[in-house]
Amino acid sequence: MKRYILFLSFFILFITTAFSQRARRVANVRDTSIGITMFRPTAAANLPIGQLQTRTGFFYTLGGSVINKTASQWLFGVEGYFFNGGIIKEKDHLKNLINSSGGITAQDGLNADMNRYFRGWSVMGQFGRLFPVGKPNMNSGFFILIGAGYIQHKIRTEIRQNNVWQLQKPYNKGYDRLSGGFNLSQFVGYQYINNRKTLTFFLGVEMNEGLVKSYRKFNYDTQRPDTDWFYSSSFAIKGGWMFNVYHRKQTKEYYK
């Protein structure tokens with residue numbers, strides 16, 4: 001997962017920095033609203049809500065989006081991110097492996113060195129609108145985005161030295177709670193682009209409402225099929241930098 005996050009971050013940074021440096025010479029944001037394609041590396045701090053609180057605690061997300069702003073202030077684009085957390089509240093999913101000392105017995109007879117993580121990813125399309133507030137220009141202001149897409153997450157159990165056969169492939173699938181499904185989001189925030197195009201960022205809050213279902217047909221701890229729907233919701237404080245491609249403003253020429 002870390003390799004994918006690093007690759008995504010460096011790719012977005014390399015491509016969008018090149019575009020934004022070129023685009024600064026062809027458009028003026030000071031006097032009017034113009035079309036802008038915004039490449040936005042993003043980070044967020046998330047608190048689970050509803051049923052997700054029974055599975056995990058605080059987690060963070062890293063990813064990015066590509067949002068196009070039209071001259072008439074409409075916004076549309078796509079977003080993707082990975083998320084990771086180190087708090088697992090669903091302790092009973094390994095209950096049939098726990099020994100009398102509260103650990104998991106490894107193949108050498110000792111308690112295994114175990115860590116558990118909440119991992120997942122999401123991708124969605126987004127649509128919204130910018131509401132300028134006058135300063136510093138018509139391309140800055142409050143904005144809303146509504147998104148819809150796909151979300152997937154699981155509990156990753158990591159055993160150092162990989163010496164617990166019950167948690168090795170393919171048996172680990174009976175414990176990881178891998179789930180996926182439909183996700184909605186609502187974001188309210190503020191974006192800032194100064195007149196020299198040297199300071200560009202956004203910050204806001206977001207609600208996510210996911211409805212997911214297990215991809216595993218059978219859970220080993222409960223000894224029954226997992227067919228229930230799961231509400232995967234969260235509240236996030238979210239922000240990031242923006243690398244912008246400023247569209248050249250079209251003009252009409254008339255000839256006699």
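The values are calculated or read from the model by the stated rules, or taken from the named source; none is laboratory data. Just so it is clear, the model here is predicted, and its values are computed rather than measured. No Cβ is skipped: glycine too gets one built from the backbone with ideal geometry, and neighbour counts run over all protein chains shown. We work out accessible area using only protein heavy atoms, side chains counted, and drop any ligands, DNA or RNA first. Shrake-Rupley method; radii C 1.70, N 1.55, O 1.52, S 1.80 Å.
See the values below:
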{"item": "Positions within segment 108-130 being farther than 24 Å from residue 66 by Cβ, open to solvent by less than 70 Å² (accessible area, probe 1.4 Å) and over 18 Å from the mean Cα position of the chain (by Cα), in sequence order", "result": "109, 112, 114, 115, 116"}
{"item": "Condition check for residue 176: at pLDDT 90 or above and either in contact with a Lys or Arg (Cβ under 8 Å, 6 or more places away or on another chain) or not in a strand (DSSP E or B) (or both)", "result": "yes"}
{"item": "Those residues of segment 209-233 which are in a strand (DSSP E or B), open to solvent by 10 Å² or more (accessible area, probe 1.4 Å) and in contact (Cβ under 8 Å) with a residue 12 or more places away in the chain, in sequence order", "result": "209, 211, 213, 214, 229, 230, 231, 233"}
{"item": "Leading residue by the ranking (least open to solvent (accessible area, probe 1.4 Å)) among those in segment 156-172 that are among the hydrophobic types (A, V, I, L, M, F, W, C) and in a helix (DSSP H, G or I)", "result": "167"}
{"item": "Within segment 192-208, considering residues that are over 23 Å from the mean Cα position of the chain (by Cα) and without any contact (Cβ under 8 Å) to a residue 60 or more places away in the chain, the one least open to solvent (accessible area, probe 1.4 Å)", "result": "194"}
{"item": "Test set (1) open to solvent by 60 Å² or more (accessible area, probe 1.4 Å); (2) of a type outside the set (S, T, N, Q); (3) more than 20 Å from residue 246 (Cβ to Cβ); (4) at pLDDT 95 or above - residue 153 fails condition number", "result": "(1)"}
{"item": "Residue count, segment 81-122 (criterion: in contact (Cβ under 8 Å) with a residue 60 or more places away in the chain and farther than 21 Å from residue 219 by Cα)", "result": "4"}
{"item": "Residue under evaluation residue 104, criteria (1) in contact with a helix residue (DSSP H, G or I) (Cβ under 8 Å, 6 or more places away or on another chain); (2) exposed (fewer than 13 other Cβ atoms within 10 Å of the Cβ), criterion not met", "result": "(2)"}
{"item": "Failed condition for residue 195, given (1) at pLDDT below 95; (2) of a type outside the set (A, V, I, L, M, F, W, C); (3) assigned to a strand (DSSP E or B)", "result": "(3)"}
